[in-house]
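Remarks on the structure that follows.
The values are calculated or read from the model by the stated rules, or taken from the named source; none is laboratory data. Owing to the predicted nature of the structure, the values given are computational and were not obtained by experimental measurement. Every residue, glycine among them, receives a Cβ derived from its backbone with ideal geometry; neighbour counts consider all protein chains shown.
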Amino acid sequence: MRTIILAAGKGTRMKSQLPKVLHKVCGKPILSYVLDLAKAIGSLKIYVVLGHQYDEVKKILSDDCIVVRQEKLLGTADAIKSVEKHFQFYYGDILILSGDAPLLQKATLKKIIERHRRTKAVCTFLTAVVHEPKGYGRVLRGDNQKVYAIREEKDAIGFEKDVAEINVGVYCMQAKELFKTLKQVRLNNKKKEFYLTDLIELFYNKRMRIETVKVSDAQEGLGINTRMDLAVAENVLRQRILKDLMLSGVTIVDPLTTYIHSDVKIGQDTIIRPCTFIENNVRIGKKCLIGPCARFRPGTRIANNVEIGNFTEVNASKLGSGVFMKHFSYLGDATVGKNANIGAGVVTANFDGKKKNFTKIGDHAFVGSDSILVAPISIGKKAVTGAGSVVTRNKNVPDYAVAVGVPAKIISKRTNL
Ligand code: UD1
Ligand code: CA
């Protein structure tokens, strides 16, 4: 199977400088979800049609995608025409996906491909029955329930507007017939675009077989056109991510106030308390207690049995097993050894105004409440900093040493071990 992803459009309704498909849902660009899906179903070749802000969008694509430029944004049919040259000697089926539909699931795509192959239809497309069909193409069926056309919003008249079954924008088509019939698509006068959806009526008139698959969950068909759609997609994906985590053995105390991005891994028996925000590329081990009100930023790695309490932020840091960090602290660009204690109010001052600097805290170190660690700095293993101390850059605290004051001075070695 070869896949074409349409992502050249302007996304006018987003009212944004950023191309629509680069807006993020649960931390990841909308288009990346569609790409991942195309890969997950085993597409041999993936063609991505780009146009508006071509260079910006191209940056997020992986090297194995074939990028095609749509010179003028003349509609979805024209977008498909722009890839035709790649299909000259191809006689198989093509799957067409919209770059703006991130909620689609693998099982649904498998269903549509399977139906298409079984029925040998010229075109099989995905439909959804929705409460608010406005803005979508309506699926028009005759008395025998056979589809005879897709009618776009602007052209819908009378009863057509009331049709609740909409075109999701996912199609499986026989390549040769697709490109042949595409030549007959005429410019739509209202929108001054060539509609891919006009193919349906053309196939129907040629008495060719058209099949449909209805999504079981209408939300899957959501195409993001506005910022409202973006918020709906965020919520649906967020609940999916939380559900998967819960089913894998993670306790989410309050799914309504927990925000976890799509690329996050959390170990069994970890408990996530309310109002916690975990961004992409974060890994959390087993049996950790997280939150309430904790924030984890990209690149963070938390080992097993770690406790991170309320009003805390961990950014691009590695925490060893058994670390305690229970109250209003910030760790950025830090490595913390196992069983270290990060007292209340500890802050790594990791940014000097120009660049980020690293902090290293050894195993079993005890960083006293309200310590400020000005990076680059290292606190040795089993070392102690006193409450309120300010450890200044490069004034490393050796193993077992006790440092206190502002700026912190080393006053003794720990003996009570
Ligand atoms: C399209 C369908 C509509 C369907 C809806 C589902 C058409 C004519 N209409 O409408 O039946 O209900 O999707 O969400 O196809 N694109 C290009 N080049 C262009 C225009 C668009 O690549 O010249 C891309 C867009 O980037 C987008 C996709 O095609 O990813 C769909 O375009 P969009 O303008 O969002 O179509 P809709 O009006 O939503
Ligand atoms: Ca759309």
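Would you call PRO274 touching an Asp or Glu at 6+ places or on another chain (Cβ under 7 Å) and either without any contact (Cβ under 8 Å) to a residue 24 or more places away in the chain or among the β-branched types (Val, Ile, Thr) (or both)? Yes: the conditions hold for PRO274. Here is a check on your reading of the model: is VAL250 free of Cβ contacts under 8 Å to residues at least 24 places away in the same chain, within 16 Å of ligand 1 (Cβ to nearest atom) and not assigned by TED's automatic domain parsing to the domain that holds GLU177? No. Cβ-Cβ distances below 6 Å connect the following pairs, each with a first residue in segment 58-70 that is touching a residue at least 24 places away in the same chain (Cβ under 8 Å) and more than 11 Å from ALA8 (Cα to Cα), a second residue that is more than 14 Å from ligand 1 (Cβ to nearest atom) and of a type outside the set (Ser, Thr, Tyr), and a separation of six or more residues or different chains: CYS65/ILE46.
When ALA344 is tested against (1) more than 29 Å from the chain's Cα centre (by Cα); (2) farther than 19 Å from ASN310 by Cβ; (3) surrounded by fewer than 21 Cβ atoms within 10 Å (Cβ to Cβ), exactly one condition is not met: (2).
Go through segment 292-328 and give me each residue that's buried (at least 24 other Cβ atoms within 10 Å of the Cβ) and small (Gly, Ala, Ser). The one that is buried (at least 24 other Cβ atoms within 10 Å of the Cβ) and small (Gly, Ala, Ser): SER317. What is the residue count in segment 144-161 for residues that are part of a helix (DSSP H, G or I) and of a type in the set (Lys, Arg)? Of the residues in segment 144-161, 2 are part of a helix (DSSP H, G or I) and of a type in the set (Lys, Arg).
Determine if segment 260-282 includes at least one residue that is touching a Lys or Arg at 6+ places or on another chain (Cβ under 6 Å), of a type in the set (D, E, K, R) and surrounded by fewer than 17 Cβ atoms within 10 Å (Cβ to Cβ). Yes, segment 260-282 contains at least one residue that is touching a Lys or Arg at 6+ places or on another chain (Cβ under 6 Å), of a type in the set (D, E, K, R) and surrounded by fewer than 17 Cβ atoms within 10 Å (Cβ to Cβ).
Hey, can you tell me all the residues within segment 347-368 that are in a strand (DSSP E or B) and under 32 Å from the mean Cα position of the chain (by Cα)?
Across segment 347-368, the qualifying residues are VAL347, THR348, ALA349, PHE351, LYS356, THR359, LYS360.
From the set of residues in segment 297-312 that are in a strand (DSSP E or B) and touching a Ser or Thr at 6+ places or on another chain (Cβ under 8 Å), which is farthest from CYS275 (Cα to Cα)? Of everything passing the filter in segment 297-312, ARG301 is farthest from CYS275 (Cα to Cα). Scanning segment 197-249 for residues that are within 16 Å of ligand 2 (Cβ to nearest atom) and basic (Lys, Arg) returns a single hit, ARG227. Could you list, in sequence order, all residues of segment 305-328 that are hydroxyl-bearing (Ser, Thr, Tyr) and more than 28 Å from the chain's Cα centre (by Cα)? Selection gives SER321 alone. Residues that are part of a loop (DSSP other than H, G, I, E, B), of a type in the set (Ser, Thr, Tyr), on the phi > 0 side of the Ramachandran plot and surrounded by fewer than 21 Cβ atoms within 10 Å (Cβ to Cβ) do not occur anywhere in segment 378-396.
For segment 109-142: of the residues being within 24 Å of the chain's Cα centre (by Cα) and under 16 Å from LYS39 (Cβ atoms), which is nearest to ligand 1 (Cβ to nearest atom)? Among them, the one singled out is LEU109.
Within the set LYS120, LYS176, LYS191, the sole residue that is of a type outside the set (Asp, Glu), surrounded by fewer than 19 Cβ atoms within 10 Å (Cβ to Cβ) and within 16 Å of ligand 2 (Cβ to nearest atom) turns out to be LYS191. Among the residues making up segment 67-89, those that are more than 16 Å from ligand 2 (Cβ to nearest atom) and either loosely packed, with under 14 Cβ neighbours inside 10 Å or of a type in the set (Gly, Ala, Ser) (or both) are ARG69, GLU71, LYS72, SER82, LYS85, GLN88, PHE89.
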